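Only one structure is covered here, and it is reproduced in the block below.
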Amino acid sequence: MTIAGHGAAASLYPFLSAGASDLDAVRAEVSRSTAEKAREIVELRQSLAGRHGRQLVECARHLAASFRAGGTLYTFGNGGSSTDAQDLAQLFLHPPPPARPLPATLAEPAFKPLPAISLTHDVAVLTALSNDVGFEVVFARQLAAFARAGDIAFGLSTSGGSPNALRAFAEAARLGMVTVGLAGYDGGAMAEPGVVDYLFVVPSSSVHRVQEAQTTVYHVLWELTQQALTAEL
């Protein structure tokens, strides 16, 4: 299996290039590359605890207060971030069961299912708004229709500059919603003052590492929110 030429794939995975013919050398390079990528994501995830730990706790308490008041979580993003937005909504709406059955005396408290909707799920709405109005409003228009003050707008972007996410945050602010954002690089436009209430930036220029770390951030935030709802945070 080879990759001809010197394109992006060949630069990322040189062991698949046309010149790699020694099987042992290919295996060694695959092993080295895998270990390097694993090290990168572990170090990046560990760095986020110190970078965002206090803000994650503060945000979780704010989200818990919103849910107690009857608030709903609305998630959104583009491309890979759209699938993460769906996963995030599913996580809050349908929490995972304990890892293994436990005796009643040792059973962990059940996680609370919380109202959550992914704005990337309805293809008919997305295509209608994109075709009739413009792709930049596909999330903002849904918030305008469904959301209310005190609800939560949670947007994911690797660049921090997705126009439709920024429009959604602007609409959320107008409605009086709590806004939470995940971004990569340096946060982009999402890092500008007043755009997002709680912004968690993954400081990497690799889209792969950013999205891998963002999943960790929102899983931690979900768990902290659950703790806040049971007054343990």
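When the stretch 146-177 is filtered for residues that are crowded, with 22+ Cβ neighbours inside 10 Å and either free of Cβ contacts under 8 Å to residues at least 24 places away in the same chain or outside any helix (DSSP H, G or I) (or both), the ones remaining, listed by number, are Ala147, Asp151, Ile152, Ala153, Phe154, Gly155, Leu156, Ser157, Thr158, Gly160, Ser162, Met177. Only a single item in (1) more than 30 Å from Gly181 (Cβ to Cβ); (2) of a type in the set (Gly, Ala, Ser); (3) assigned to a helix (DSSP H, G or I); (4) modelled with pLDDT under 75 is not met by Ser47, and it is number (1). Residues in the stretch 120-127 include at least one that is at pLDDT 95 or above and within 20 Å of Gln214 (Cβ to Cβ). Just one of (1) over 21 Å from Phe200 (Cβ atoms); (2) in a helix (DSSP H, G or I); (3) at pLDDT below 95 fails for Ala110. It is (2). If you go through the stretch 179-233 and keep only what is in a loop (DSSP other than H, G, I, E, B), of a type outside the set (Gly, Ala, Ser) and without any contact (Cβ under 8 Å) to a residue 24 or more places away in the chain, you end up with Glu192, Pro193, Glu232. The residue that is nearest to Val210 (Cα to Cα), among those in the stretch 50-78 that are among the β-branched types (Val, Ile, Thr) and outside any helix (DSSP H, G or I), is Thr75.
The values are calculated or read from the model by the stated rules, or taken from the named source; none is laboratory data. Worth saying up front: this structure is predicted, and the values here are computed from it rather than measured. Quick reminder, even Gly has a Cβ in these numbers, built from the backbone with ideal geometry, and neighbours come from all protein chains shown.
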